[in-house]
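Asker: Have a look at the structure that comes next, please.
The values are calculated or read from the model by the stated rules, or taken from the named source; none is laboratory data. Predicted model, so just to flag it, every value in this text is computed and none were measured. When we count neighbours, we look across all protein chains shown, and the Cβ atoms used for this are built from the backbone with ideal geometry, even at glycine. Heads up: the accessible areas ignore ligands, DNA and RNA and are worked out on the full protein's heavy atoms, side chains in. Shrake-Rupley method; radii C 1.70, N 1.55, O 1.52, S 1.80 Å.
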Amino acid sequence: MKKFMGEFKQFIARGNVMDMAVGVIIGGAFSSITTSLINDIIMPLLGIFTGSISFAELYFTVNGAVIAYGNFIQAVLNFLVMAFVVFCMIKAINRFHRKKEEAPPAPPEPSAEEKLLTEIRDLLKESR
């Protein structure tokens, strides 16, 4: 049990856990933004084409059970919008990392022959 708690403490102390916690919190806030985008903007626009005000009104009943397939459509659209935004963010982050990696490499160290020739050149300049 002591070893388990030590490993848990070490796991919590890593920076990745804190980054993940921040990501979950921001993701929760971002989820409400995308839900609002879907429910308040995209779905009413799609409702114009379907003749319905909202997809939430799309349902049918079978033996008294209500099958609200409109809510499912809204959830799928919400997921697709969120997945697209996350994809765009990761693509931008990867592009940023690639630019850092593509920095020009340092010039190579001169060979022993080049160093010797440089010394000879400098000595010839001094003797003049």
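Asker: At q = 0.20, 0.21, 0.22, 0.26 Å⁻¹, what is the log10 ratio I(q)/I(0) for the stretch 57-126, with the Debye formula run over Cα points and no solvent?
Answerer: Values returned for q = 0.20, 0.21, 0.22, 0.26 Å⁻¹ are -0.91, -0.94, -0.96, -1.07.
Asker: For every helix of n ≥ 4 consecutive DSSP H residues, a contribution of -39,500 (n - 2.57) applies; sum these over the chain, divide by its total residues, and give [θ] at 222 nm rounded to the nearest 500 deg cm²/dmol.
Answerer: -24500 deg cm²/dmol, from helical runs alone.
Asker: Counting only the heavy atoms of the protein chains, how much of ASP40 is accessible to a 1.4 Å probe, in Å² to the nearest 10?
Answerer: Estimated to the nearest 10 Å², ASP40 gives 100 Å².
Asker: Now for a different question. Note down the accessible area of SER111, probe 1.4 Å, to the nearest 10 Å².
Answerer: About 50 Å², rounded to the nearest 10.
Asker: Ordering MET1, MET43 by how much accessible area each has at a 1.4 Å probe, largest first, what is the list?
Answerer: Most to least solvent-accessible, the answer reads MET1, MET43.
Asker: With each label point set 7 Å from Cα along the Cα-Cβ vector, what nm distance links VAL81 and SER32?
Answerer: 1.6
Asker: While we're looking at this one, here's another question. With a 1.4 Å probe and every protein chain left in place, tell me how much accessible area LYS91 has, in Å² to the nearest 10.
Answerer: Roughly 100 Å² of LYS91 is accessible to a 1.4 Å probe.
Asker: Still on this structure: Under the Kirkwood approximation for Rh and a Cα-based Rg, what ratio Rg/Rh is obtained for the chain?
Answerer: 1.43
Asker: Rounded to the nearest angstrom and ordered from largest down, what semi-axes does the equivalent ellipsoid of the stretch 39-80 get from its C-alpha gyration tensor (root of 5λ)?
Answerer: Calculated on Cα positions only, the semi-axes equal 20, 13, 6 Å.
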